Amino acid sequence: MNIARLLCVLTAATVLAGLRAGPATGQPNYDENKVPDYTLPDPLVMQDGRPVTTAEMWRRERRPEILWLFEEHVYGKPLPAPPKLRFEVFDRAGDALGGTATRRQVRVHFAEGDGAPTMDILIYLPNDAGGPVPLFVGLNFYGNHTIHTDSAIRLSDKWMRPSKPFAIVDNRATEASRGRSERWPVELILSRGYGLATVYCGDLSPDTADRFDHEVIRLFYEPGQTEPAPDQGRTIAAWAWGLSRAMDYFETDEAIDHRRVAVMGHSRLGKTSLWAGAQDERFALVISNNSGCGGAALSRRRFGETVGRINTVFPHWFCDNFKQYNGNEDDLPVDQHMLIALMAPRPVYVASAVEDRWADPRGEFLAAQGADPVYRLLGTDGMAAEEMPPVDRPVTSRIGYHIRSGGHAVLEYDWLRFIEFADQHVE
Ligand code: GTR
C-alpha cells in the first residue's frame, strides 16, 4: 500500500470512528429539548422476557443477571479477591486531632513478599464513641495526606496526576500537598459519631491511560497476559476492588462497626463507589456525589458527557467492551438506573450540583428514580419524589437525592446530607 492510500484509509477510519463516537469530539448537548427519545431497559424484566414478580426472583435471577451485564459491557469482570491479605497497622494513635480522635494507618499487602503491591488506609475514629463506630469510606484523588493537615499522615510516594492546587511536582506529592483537599470535613464527621477512612486511588491503579497496567491489575493476569481482556476490569474495577479490600480490614477491627459502613465517592470516584456498592453488599449505604456519565447519570440521555467522550478521553476506566457503545447507547443492555437498583434494598444516595451540567443532574435524578420499582418489589420505599426536587431540597426516602446550588465539588452541605441520611437509614 503506498503512503497516499494508507493516509486515505487512515483518514476514513478516523472519520468513521468519530461518527461512531458521536459527540465525543463535538460539542456536548446541554439542551433538554435535544435529548433524544429513548427507552430504558426494564430492571424487572429478564433478558429472556420473563417478568420479575417476586423478591426471590429478583435476588436469585435478575440481580445476578444485571450484575453480569455490567461486568460484561461496562466495568469489566472484577479482580478476584487475593488469596492472602496482610494488614500491617503501622500507626496507632489514641490522641490524634487534639485528643478527640484515634488515628490508624494500615498498609494492606495484596500478596506475599516485599515487592508486592500495597494500599494504605487512613482511619480516624471519634474517641467518645463508647463502642464500635459506623464509618464512611471513600477513595481520594491525591493521597491520604491531602485530606487533613495532620502531619502524622504518611506522605504518599505513589505516582500522581499533575496538579498545581495539590502541589504535585514531577508526578509526586510534596510536603506542600498536605491538607490541600477541601472535600473531607474530618472533625465534622467525627463530631456526628462516624469514623472516616480513606485510601489514595492511585495505590490501586494510577489514573492515566498509559499506566493503567498497574501491579494490582497485573497481579491477576494469566501467565503471558499483557493487558486486560475486553471484558476484564481496568481502573474503575481496580479502584472498586480496593474499597472491598478496605472492607476486609474493617471486618477485623473491633473499633469499627463493619455492618454500618457507608461507601462514598465523588465524580470518577463516585462512579467507583456505585460499582463497589453494587458488587459488595457488605456496604450498608452507597453514596454517589456528582458521578455523572458511567456513574449515576443515564447514558441514553447523552446530556453533557457521553459514553463516546468518556471512553475516548479516559480509555482506561471501563472495560474495552464498553467502547462498542460509543455513540450507540441504545444498544446497551443496561442503563445506570439498573446500577442503582443493584443497591436495593440498601439505602442509596445520589447527589447532584446544579451547575455541574457535565454530569447531567437530571439524568442522575432519573436514574435514581428508575431504581424505584426494584426497591418497592423488595418491600421498602424507593424514591419518594415524582418530580426532580428544587435546588437544595433533599429527598430522604430510601433512595435519597439532592441537587445543591453550586458546581462540581463535595461541600459541607453534601456531607451534612450524607450524615443525616446515614442517621436515618443505617440502623
Ligand atoms: C471529568 C470526567 C468526569 C468526572 C470528572 C472527575 O473530566 O469527564 O466523568 O469523572 O472528570 O472525576 O472529576
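Zone of Thr100 (label point 7 Å along Cα→Cβ, backbone N under 19 Å): which residues in segment 125-150?
What the label zone holds, given the 19 Å backbone N cut-off, is 125-131, 133-137, 146-150.
Cut-off 10 angstrom, C-alpha nodes, Gaussian network model of the chain. Which of Glu329, Glu175, Glu71 fluctuates the most?
Highest fluctuation among the options: Glu175.
Give the distance, in whole Å, between the Cα centre of segment 188-217 and the Cα centre of segment 262-336.
If you average the Cα positions of each part, the centres end up 17 Å apart.
With the contact rule set at Cα under 8 Å and sequence spacing of 6 or more, what percent relative contact order holds for segment 112-266? Please report the intermediate quantities before stating the final value.
Values: 252 pairs, mean separation 51.3, N = 155.
Averaging sequence separation for qualifying contacts and normalising by length gives 33 percent for segment 112-266.
Nearest 5 percent is fine: what portion of the DSSP beta bridges confined to the chain is antiparallel?
Of the beta bridges lying entirely in the chain, close to 50 percent run antiparallel.
How far apart, in nm, are the 7 Å Cα→Cβ label points at Arg92 and Asp42?
So the two model labels end up 5.6 nm from each other.
Taking each full run of DSSP H in the chain as one helix, which ones are at least 24 Å long along their axis (Cα atoms) and have mean Kyte-Doolittle hydropathy of at least 0.5?
Helices meeting the span and hydropathy rule in the chain are 3-20.
Exceeding 19 Å between C-alpha atoms, which entries from my cross-link table qualify? They are Lys271/Lys323; Lys84/Lys271; Lys164/Lys271. All intermediate terms of the calculation are to be shown ahead of the outcome.
Numbers: Lys271/Lys323 17 Å; Lys84/Lys271 27 Å; Lys164/Lys271 24 Å.
Listed pairs above 19 Å: Lys84/Lys271; Lys164/Lys271.
Using Cα-Cα distances under 8 Å and only pairs 6 or more residues apart, what relative contact order does the chain have, in percent?
17 percent
So for each of 33-45, 286-298, 142-154 I average, over its residues, the number of other beta carbons within 10 Å; can you give me the resulting order with the highest mean first?
On the way: 33-45: 13.0, 286-298: 29.3, 142-154: 20.8.
Going from most to least packed, we get 286-298, 142-154, 33-45.
Separation of segment 87-108 and segment 367-409 by C-alpha centroid, Å?
Here the two parts' Cα centres lie 36 Å apart.
Between Glu61 and Asp128, what is the spin-label point distance in nm, taking each point 7 Å from the Cα along the Cα→C-beta axis?
For the pair Glu61/Asp128, the computed spacing is 5.4 nm.
Any read-out appearing in this document is the output of simple, stated calculations on the displayed coordinates, not a laboratory observation. As the structure is a prediction and not an experimental result, all values here were calculated from the model. Every residue, glycine as well, gets a Cβ built from its backbone with ideal geometry; the counts of neighbours run over all protein chains shown.
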